[in-house]
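Working notes for the structure below.
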Amino acid sequence: MKKIAVITLATVSLVGCGTTALMERSEDIKSQPQMLITTDGDFWGFGKEGTFDLAGQYIGKYSRSASGSTWFNTISTNEGDMIAEITRVNTGTTWQLICSGGGTSVNLGMLSFGGGDPYRCDIKLEGQSVGEYEMAPKAMAISLDAAKYETGIVRINDNHFNVKSVHKGEGSFMTVEKPLGYAFEQGTKTIAAAQTNGFLSLQILPELDDNRKDLVVVGTIASALSWRPED
């Protein structure tokens, strides 16, 4: 029987950055209660498949896979897929996520070209497509910053938020390569933040209505469960 535990993902599967640093958040977000996500997945947390519980308010299950290959030390292919169901407990509403992403990159010494295909999820409700989640590497000028930034959107019907990866920890001046979490923004305002490093939690501003809260939760699961191979 699998043991339910608060996620300790710094060990292997999602972030692999060797630190349990908390992501940098605004004061408004930090003052909100943390909604912890627990799982019965294998490998001490999220593995290939399992179920999850978000603070007793949302439950779900998932199955995912990732693979990557490199030829001649220069050409790499990445593929990642994930299927998930997310149910809001008090209404029974269930969304399905059907996700995939990958690409081919060419590596020449310190330079890498290609491999920037978006990671995309089709969001379904009662068998009908109602929205999407999409994240892609952020285009940047040449920089010494090692962080692999991603930006994207999550949308259900007429509601949508911008999503961006967060690579700086609380009180730190340095960034890390892998995301510590994800911020959800409406315009220039951060309305929610999902910590995905060390443990999973979600903090949401209280003024969000139920539809926008559902959207944040679906985006959080899509962000936290994305399992893409290393470049």
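The values are calculated or read from the model by the stated rules, or taken from the named source; none is laboratory data. Because the structure is predicted, anything quoted here is derived from the model rather than measured. In this analysis, Cβ positions are derived from the backbone assuming ideal geometry, glycine residues included, and neighbour counts consider all displayed protein chains.
GLU177 - would you say it is among the acidic types (Asp, Glu), closer than 23 Å to ARG64 by Cβ and in a loop (DSSP other than H, G, I, E, B)? Taking the combined requirement at face value, the residue satisfies it.
None of GLY219, GLY198 is on the phi > 0 side of the Ramachandran plot and out of contact with any Asp or Glu (no Cβ under 9 Å at 6 or more places or on another chain) except GLY198.
Residue-by-condition table, conditions (1) of a type in the set (Gly, Ala, Ser); (2) surrounded by fewer than 19 Cβ atoms within 10 Å (Cβ to Cβ); (3) modelled with pLDDT under 80:
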position	(1), (2), (3)
GLY131	yes, no, no
LYS138	no, yes, yes
SER143	yes, yes, yes
VAL154	no, no, no
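Condition check ((1) out of contact with any Leu (no Cβ under 6 Å at 6 or more places or on another chain); (2) of a type outside the set (S, T, N, Q); (3) at pLDDT below 50; (4) closer than 28 Å to LYS138 by Cα) across all residues:
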site	(1), (2), (3), (4)
ILE7	no, yes, yes, yes
CYS17	yes, yes, yes, yes
THR20	yes, no, no, yes
GLY56	yes, yes, no, no
ILE75	yes, yes, yes, yes
VAL89	yes, yes, no, no
GLY103	yes, yes, no, yes
CYS121	no, yes, no, yes
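Restricting segment 215-231 to residues that are hydrophobic (A, V, I, L, M, F, W, C) and in a helix (DSSP H, G or I), the residue that is modelled with the lowest pLDDT is LEU225. Evaluation of THR188 against the conditions (1) surrounded by 19 or more Cβ atoms within 10 Å (Cβ to Cβ); (2) at pLDDT below 95; (3) more than 22 Å from ALA21 (Cα to Cα) shows that the sole unmet condition is (1).
Picking from residues in segment 191-200 that are crowded, with 20+ Cβ neighbours inside 10 Å and either within 17 Å of LYS178 (Cβ to Cβ) or basic (Lys, Arg) (or both), the one that is modelled with the lowest pLDDT is GLY198. Just give me the residues in segment 58-73 being modelled with pLDDT of 50 or more and either of a type in the set (Val, Ile, Thr) or buried (at least 19 other Cβ atoms within 10 Å of the Cβ) (or both), in sequence order. Once the filter is applied, which keeps residues that are modelled with pLDDT of 50 or more and either of a type in the set (Val, Ile, Thr) or buried (at least 19 other Cβ atoms within 10 Å of the Cβ) (or both), segment 58-73 yields TYR58, ILE59, GLY60, TYR62, ARG64.
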